[in-house]
Structure formats: structure tokens, C-alpha cells
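What follows is a single structure, written as C-alpha cells, with notes after it.
The values are calculated or read from the model by the stated rules, or taken from the named source; none is laboratory data. Here the structure is a predicted model, which means the values were calculated and not measured. Positions of Cβ are backbone-derived with ideal geometry, glycine not excepted, and every protein chain shown enters the neighbour counts.
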Amino acid sequence: MSDRIFLLGGHDLEMQAIRELLDKLRIRYADKKLGWVNALLSEYRDILDEYAGKPDCTIYGIELKEDVPPPSNYVRIDHHNDFIDRPSSIEQVLSVLNITPDRHQLLVGANDARYIPGMLALGATRQEVDEIRKADRKAQGVTDEDERAAEYAIGHNLRGDSSGIFIVKTSSSKFSPICDRLYPYHRLVIYSDTELMFYGADVSRLRSLFAEDILSQKVFYGGGDSGYLGTVSGSYTAPELESMVARIKKIFTDSRDNILKNIIQEVMPENIFEKPTSAQTYSYHIFFFPFKWELNGKENAPLSEKVDLNSIPVNPHSCWKRVPEPPNSDEAASLYTEKNYYYPFVHRVMYDSGSDTDIIRHYERIEPQLSREVRYLIKIAGRNEPYDLEVESMNLNLYATGIGFLSFYLRNTDKKQSSLDDVLRINQYGRRIMPPFYADIQGRSQIGEWLRIEGLSSEYGYEETFGSYTPKDYWKPACFITRLISELSSDIRPEPVIDDRMFVMSWYKNDELSKDFASNQDAYCNPNSGFSSSWYKYLFVDVGDETCQDGEMKTALLKRHTYLRWRKYYSLYGVSRYSFVLLTNSTAPPYLTDYFETIYARMVELVIVQRASMLRFSKEVSDLCSMKNLKVEELSGRAGSLYKEYIRFINQVNFREVSAQDQGIELYTMLRSCLQLEENIRDLDDEIGELHQYVQLAEERERNEKATLLNYMAAILLPVSIVTGFWGMNKMNDVLDDNNGLIWQVVIALIGVAFAVGLVKYKKKK
């Protein structure tokens, strides 16, 4: 008789791993293939009846609710509810068996006990987290239909409130696909008509709120104070669950309000509401500078050699560091959400894995003096103080298509520069990195007095005053732009590729503007409303008068370039050829701005890379066609290299769809439409095809010339061959004696050559 037997509870990844372990060690267990709902000790009544009370056998019940009295030789293995302070169940099983857990087992246990934060605390990589979560969903019986239901629920039923809770109602019984897609979150409630789950911070408050329900085993919990609490399926009616959602919202809202009230009463003056906290962000700005690059000395080389990422001599002493993996758990959690948002096949162009075969190199500016604050300053005429923005991060991406990105992530926390006019000026003058008109060097209507980055660790300054520009300095970016790029590698030659301005992403919170929009939801496109004027300027990055003065045209433009999905939250997205903006208010769900800074920023990068790459390929085609002195062999080689890189671009960069999320599909389509990518790719296809025809014609012409030359040579040598052959006949030897034979051979050969030359000249005249 075995000295122990294990009884398995509800199936998930952890229980699956335990079963595999017991199978491998040939240890006896019983598995009724239970779910979480029916994971009851009574399901194993036959085992209990057989082994109950036997002193030489220990019964281990794993995550089973004790709905019947357990026998004296029974040991419960669990880490939920009253057992929350215990290790994960798989760790407890391994301890019973006196086995040290391996890394996979530790991650499985951490996932079950503390979800993704538990795995990240163990130093899990992005790939490990993905694999564990995917396997867990599969073990729980999550189907493709459940995955689609999760996407629908997030796209249509996700809502948030000022208490910091995301709430999603779903028709599926599987909550994990929703939970995984929305991570990281502060607090999350997912519910259906039959059950509810809460995930996130301060779950202990809910344990007190639902104490009686926990005692009656209608509610369970686990994972510590940032864990989870849920209802047993079918324990409550749909109206009762709606009431529970309202109670959960209320407890956190009341708690927040009481805390704020106490702070105001104890330490703040009466006019506190006129003074923001230091952490308040009024607007957020991302400036993208796309450029084309190639290695110095490779100007006349094939494209694949010009833009070989592995040939870049990176300065090892630079503050630019290649960062394929996030440096901390918060960024890792954010990256997890990003990658789950996009199809896996898109990841290779969006994210640097650290491999030499990647088509992207991602560098981040890492300053050695962490105490320094890096600032982005914009000085404009007529304003005494420069606009002062916190540089949250600076990134530099290089792509195998010969395109690069320098990006600035800027946060505005100063109320003195929080008006709409201020935000408009920050976007307009902060993005201008070269004078659009030479006269503007003096007039300064489109450019600021200077741009400056302060706080970087370098002996050089990072300032552009635009005063050194000459009429020959066209398409020359600000000196601090080229300096930053050259600090990574002095062998990179950057050139602007799309515009004389940086692409602008910006979100702006303004409650007054939201009120104007709330009173009339069509105000955004009504040319007679004051709101439409403000919205137009913000969307199209105008300062002063609007650049469209026709009401009908303005209405059409605003309708075409405005995204209304989140209008219920008084939030508008706008997309143009050079901007991506969000106007929202202080009560909108925080994930709108969070997604904007992360997920949508990646989307914008991708679309601009696509556009810039097309322009790069178009220029390469034009350059090849203009090189008249190239040998056909060299022309064919250069064209072949270009075509190879173009095929890689089509397969690895230019995607028609990048996400299964509704809003992702819609915004991506809008971006591609605004940048006219479909039209441009068709034009580029035609250009590539014409280049191919051009090379074919050149090769055909060279083949014809070689064939003609061979024909001429054959024509010249034919008479000689005939004479020689004829002379070799015995009859001619009889006619001519030995003394005169050589003379006759020469004479006849000369006649033949003369005949051939005449024939060639005749053909040329024809």
C-alpha cells in the first residue's frame, strides 16, 4: 500500500504541473478532472472511505473545499483564503516530496499565487511570462471563442471611474483573457451574469466587506493584498452581482474622498483646488524625428551594405545603450500589455529582442547621473520664460530599411503653461527643428527663438538658435538632433526623410473644453462653434488663425480626421499626416492616456517607419535610374540588392493589420489613410517594376551587343576557315606545287577577309 495519495483540485496550469510531476515520479494520485466550481472534497468520497483513518497512509487534498469532514490522516494543501500565507500549492507538494523546485515550477507557482507581478518578482522575462500565461489559459479550458469574447468585452464594455477601477462585463465564463490583456492595472473588476472577480490593490478592504460571504464559502480570495477576490459561480443572481460591483466602486471612492478630505483639512490651505499637486500632468508630448541613415563611405554601395545594422560602429562610451529588455518590473509589465495588444508577427519590427538578426535596434538614453533632471526647453518670441518640459525618456531606433527614429517623451506639469494656447505653442514650436522659410530665420513666425535640452551628461551643449542657417542649409535638422545621433555613432549620416517638422503626439486634459464638447457632441465639426476652432487647431497643430477658412471644407476635414469611439467619456482622438492627438478631461479613464503613451506610440512609430521606408526605396530607385555610367553588371547587382530589401520590407514592416482590437484596427487604418500608405505602396510597386524593366532592357542590350560582336567575328573568320578547309583537299595539292601553295593560301585568305569586312560595313549601312 502506498504511504500517501494526492487528490487533485480544480484544473489550471499549477494543477496540471502537479499532475505531471506525480506521473513522472510514479506517485499515486486521484484526479476527478474538477473545475474550480466543483473542486470539493466530497468528490473523492470513495478514496476517503478507502483510506480514511489508516495510520500508514496520508491523504493530501490539493485546493479542495472541505464540504465534508476530512479524516484524521488528511492534509490540506492550499494557498487561498485562510491559507494565503502559505507557499504556492506546487511548492508545498515539492516540499512534501523533499524536492527542490526548478525555475519552471517556481514560475508556475508564482503565477498561481501572485499572477504576473509574482513572476516579475522572480525576474521572469517577457517570453517566460507569455508562455506561462498562455499555458495557464489553455489549462483552464480557454477557447478561441473565449479569446474573441474577451476582445469584444474590452472593446465594448470596458469602463472606468475616478476611483481608479476598470470594470468589464463579459458574456464568457473565462476571465483570464480579459485580465491578461488589461494588465497592468491598479484595480480591475470582471463580471458576468453568474460570477465576479476583483483583481488588484487593497483587496483586504473587500475581504472585510464580504466577510459573511467568505464564511459561507460563496466568496474566495488569495494573492495577498494585491491579489484577487471572487464569487463562486452561480452563488449570486445577475442583479446581486451588479449590486456587488456598485459596492466595490463605492468603498474605494469613499476611501479616496475621505483621504483627500483629511489631507485638505490638516495640511492644505483653503484654496487647495486652485493649486495642483506636483505630480499632476496637464499635457503630454511626444516628438518623433524620422530620418534616413546610411554608413559613411558606403554611398555607392548596394542598399544592404549601406544600411547593415551589424556594421554600425557603436560608440561604447556613449550614453545611448541598447535596451532589448525593460530594466525594471513596471516597464516589463507595461511591455507585456503592449505586446499582447499586437499580433506576434508585428513584434519583430516594434521590439528589439537583442539578436543580431533583428530588423530594429532600440537605444535608450541612460544618464549616469540619475539625480539630474533632463528638460526640454522651448523659447518663443513674446514670452519671457521658455516652455519647460520634463524629458521622461529619449529613444533612438534604427531599422534595417535605412530609417531611424529619434523620439522625445515630454511631460508638462507646470500649471503656468497649461492653457490651450500654451499646449498649441509647445506642439508647434517644439516640433520645428529647421526653418521652413529662409525669411523665418529673422521673422520667427514658424520657429522659436531657440530649442535646448538641459541636464544631459556631456561636455557639449544641446541648443539650436537657428541663427547659423544659410540659404544652402536646406533639409538640415537642428544641431542638437545631429549631435545626439552622432553620439551613438559618428559613422551614421542622418537626413530628414518626411518633413521639416517632427511628428507630434500629444494628449491634453482640459475640463472646460470637455464641457463645451459635452453640451453639444457635434460641436467638434460644427464650423460655427468655438470648440471646433479649438479642436481644429489642436488636431492640425496650428497657432493663431486656422489654416482652413472654409466652413464646409473644415467640417469635412474634422469628420475625416476625428476618432469618436470614446466620445462618451468626452474624449476625442485626432489623426493627421503629422499629428496624433487626444483631448480628454480629468474624469476620463486613466488607461486612455496610458495606452496613448505606450501602445499607440508604438503604432505611430510603425506607420511612420512604413512611410519613411517607402520614400527611402523611392529615392534609391531614382538614384539607380540616374546613374548612367554604371556597368550593367553593377546596375543589376544594385537593383537586386534593392529588390531584396524591398521584399523584406513588404513581409516584415508593411502590414495591413497589426491588432485584433477594434480600436487598434480603426486607429491603424486612420493613420495609414492619413499618410496615404496604400497609394504610396502602389506607386512604389510601379517604380520597382519600372526599375526591373530598365535593368532587363540594359541586360538585353548588352547581350545583343555581345551577340553582334560574335557574329562579326564569325563573319571575319568564316572565309579563312573555308579557304583553310578547302586547301586541305587533296585535289588542290595536286593543282598547286609546293613552292606556290603558301602564296596562294595568303592571297585567298586576304580576299576572304576583305569580303568579310565589306559585308560587315554593308550590314551597318543597312
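Summary of values
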| read-out | value |
| --- | --- |
| Number of the exception - Tyr563 against (1) farther than 19 Å from Gly664 by Cα; (2) surrounded by fewer than 20 Cβ atoms within 10 Å (Cβ to Cβ); (3) of a type in the set (Ser, Thr, Tyr) | (1) |
| Scope segment 677-694; condition over 30 Å from Glu634 (Cα atoms) and either touching a Lys or Arg at 6+ places or on another chain (Cβ under 8 Å) or β-branched (Val, Ile, Thr) (or both); matching residues | Leu677, Glu678 |
| Subset of segment 118-135 (residues that are crowded, with 21+ Cβ neighbours inside 10 Å and either among the charged types (D, E, K, R) or more than 17 Å from Gly223 (Cβ to Cβ) (or both)) | Arg133 |
| Residue among Ile47, Ile27 that is touching a residue at least 40 places away in the same chain (Cβ under 8 Å) and in contact with a strand residue (DSSP E or B) (Cβ under 6 Å, 6 or more places away or on another chain) | Ile47 |
| Residue check, Tyr474 out of contact with any strand residue (DSSP E or B) (no Cβ under 8 Å at 6 or more places or on another chain), aromatic (Phe, Trp, Tyr) and either surrounded by fewer than 21 Cβ atoms within 10 Å (Cβ to Cβ) or not in a helix (DSSP H, G or I) (or both) | yes |
| Among residues of segment 39-58, those that are more than 20 Å from Phe220 (Cβ to Cβ), part of a helix (DSSP H, G or I) and not hydrophobic (A, V, I, L, M, F, W, C), counted | 5 |
| Qualifying positions in segment 381-405 - of a type in the set (A, V, I, L, M), in a loop (DSSP other than H, G, I, E, B) and either in contact with a Lys or Arg (Cβ under 6 Å, 6 or more places away or on another chain) or outside the structural domain of Gly430 (by TED's automatic domain parsing) (or both) | Ala381 |
| Which numbered condition Tyr536 misses (of (1) part of a helix (DSSP H, G or I); (2) at positive phi) | (2) |
| Hits in segment 202-250 - residues which are among the aliphatic types (A, V, I, L, M) and either within 26 Å of Gly109 (Cβ to Cβ) or surrounded by 15 or more Cβ atoms within 10 Å (Cβ to Cβ) (or both) | Val203, Leu206, Leu209, Ile214, Val219, Leu229, Val232, Leu241, Met244, Val245, Ile248 |
| Selected residue [closer than 30 Å to Tyr694 by Cα and assigned to a helix (DSSP H, G or I)] from Phe617, Phe596 | Phe617 |
| Selected residue (only one of Leu484, Leu424 is out of contact with any Phe, Trp or Tyr (no Cβ under 6 Å at 6 or more places or on another chain), assigned to a helix (DSSP H, G or I), under 25 Å from Glu299 (Cβ atoms) and hydrophobic (A, V, I, L, M, F, W, C)) | Leu484 |
| Single residue of Ser586, Ser571 found to be over 26 Å from the mean Cα position of the chain (by Cα) and within 26 Å of His186 (Cα to Cα) | Ser586 |
| Meets criteria (of a type in the set (Gly, Ala, Ser), in a loop (DSSP other than H, G, I, E, B) and surrounded by 12 or more Cβ atoms within 10 Å (Cβ to Cβ)) for Gly61 | no |
| Options Glu546, Glu605, Glu552; residue that is surrounded by fewer than 19 Cβ atoms within 10 Å (Cβ to Cβ), in a helix (DSSP H, G or I) and of a type in the set (D, E, K, R) | Glu552 |
| Candidates Tyr600, Tyr591, Tyr573, Tyr578, filtered to the one that is aromatic (Phe, Trp, Tyr), out of contact with any Asp or Glu (no Cβ under 7 Å at 6 or more places or on another chain) and surrounded by fewer than 22 Cβ atoms within 10 Å (Cβ to Cβ) | Tyr591 |
| Condition met for Glu364 (surrounded by 13 or more Cβ atoms within 10 Å (Cβ to Cβ), closer than 26 Å to Val607 by Cβ and charged (D, E, K, R)) | yes |
| Candidates Leu295, Leu260, Leu309, filtered to the one that is within 30 Å of Lys169 (Cβ to Cβ) and either over 26 Å from the mean Cα position of the chain (by Cα) or at pLDDT 85 or above (or both) | Leu260 |
| Residue check for Asp193: modelled with pLDDT of 85 or more, over 25 Å from Asn585 (Cα atoms) and buried (at least 17 other Cβ atoms within 10 Å of the Cβ) | no |
| Residues being under 23 Å from Cys57 (Cβ atoms) and in a helix (DSSP H, G or I) - total across segment 92-107 | 5 |
| Residue check, Gly118 farther than 23 Å from Lys33 by Cα, touching a helix residue (DSSP H, G or I) at 6+ places or on another chain (Cβ under 6 Å) and outside the structural domain of Thr337 (by TED's automatic domain parsing) | yes |
| Residues located in segment 384-405, provided they are surrounded by fewer than 21 Cβ atoms within 10 Å (Cβ to Cβ) and closer than 18 Å to Leu424 by Cβ | Glu385, Pro386, Asp388 |
| Residues of segment 280-303 satisfying the condition of being under 22 Å from Val609 (Cβ atoms), in contact (Cβ under 8 Å) with a residue 12 or more places away in the chain and either of a type in the set (D, E, K, R) or outside any strand (DSSP E or B) (or both) | Lys292, Glu294, Pro302, Leu303 |
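A quick yes/no check of all residues on (1) more than 41 Å from the chain's Cα centre (by Cα); (2) farther than 19 Å from Gly109 by Cβ:
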| position | (1), (2) |
| --- | --- |
| Phe6 | yes, no |
| Gly9 | no, no |
| Leu13 | no, no |
| Glu20 | no, no |
| Arg28 | yes, yes |
| Leu34 | no, yes |
| Leu40 | yes, yes |
| Arg45 | yes, yes |
| Asp49 | yes, yes |
